[in-house]
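**Q** Mind looking over this structure? Questions follow.
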Amino acid sequence: MRATKRTRTHLSKEDALSFLLTHIVVERNCTFEMNPTNLFRITQLAAEAVACIEQEEDVIPHEVIENIALNFAPS
């Protein structure tokens, strides 16, 4: 029996950032000023999401990003 190679789709940091912003603003109805501090925090959360998704197998990317979004508190 031949094992099939499982293909994983790569989630870019930009895609994670886009989903994260959409989730925070639209789903959570959180408004905030896009200042350098908030931009840095959101960018770091997106990088954390990508790292978690790449490390774990069988995770659902949007669930990981939604959980990580809970850590965002605008300044």
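Taken together, the values in this text are just the output of simple stated rules run on the coordinates, not laboratory data. Please read all numbers here as calculations on a predicted model, not as lab measurements. Don't worry about glycine lacking a Cβ; one is built from the backbone with ideal geometry, like all the others, and counts go over all protein chains shown.
**Q** About the Cα centre, and with charges only on the beta carbon of Lys, Arg (+1) and Asp, Glu (-1), how big is the dipole of the chain? Nearest 20 debye, please.
**A** Dipole size: approximately 260 debye.
**Q** Answer with a single label: of [x] -0.79, -0.86, -0.91, -1.14; [y] -0.40, -0.56, -0.68, -1.23; [z] -0.40, -0.60, -0.75, -1.33, which was calculated as log10 I(q)/I(0) by the Debye sum over Cα atoms at q = 0.13, 0.16, 0.18, 0.26 Å⁻¹ from the structure in view?
**A** Comparing each candidate, only [y] matches the computed number.
**Q** Per residue of the chain, what 222 nm ellipticity follows from adding -39500 (n - 2.57) for every DSSP H run with n ≥ 4, rounded to the nearest 500? Mind dumping the intermediate values first?
**A** Details: 3 runs with 39 residues, N = 75.
Helices in the chain give a 222 nm mean residue ellipticity of -16500 deg cm²/dmol.
**Q** Still on this structure, I have one more. Return the loop-located chymotrypsin sites (Phe, Trp or Tyr not before Pro) in the range 12-75 (DSSP other than H, G, I, E, B) with at most 15 other Cβ atoms within 10 Å of their own Cβ; answer none if there are none. Intermediate results must be reported in sequence, preceding the final value.
**A** Values: sites: PHE19, PHE32, PHE40, PHE72; in loops: PHE32, PHE72.
Here the chymotrypsin sites (Phe, Trp or Tyr not before Pro) that fit, given the DSSP loop and packing criteria, are PHE32.
**Q** So, in nm, how far is label GLU14 from label ALA47 when the simple model puts each one 7 Å beyond its Cα toward the Cβ?
**A** 1.7
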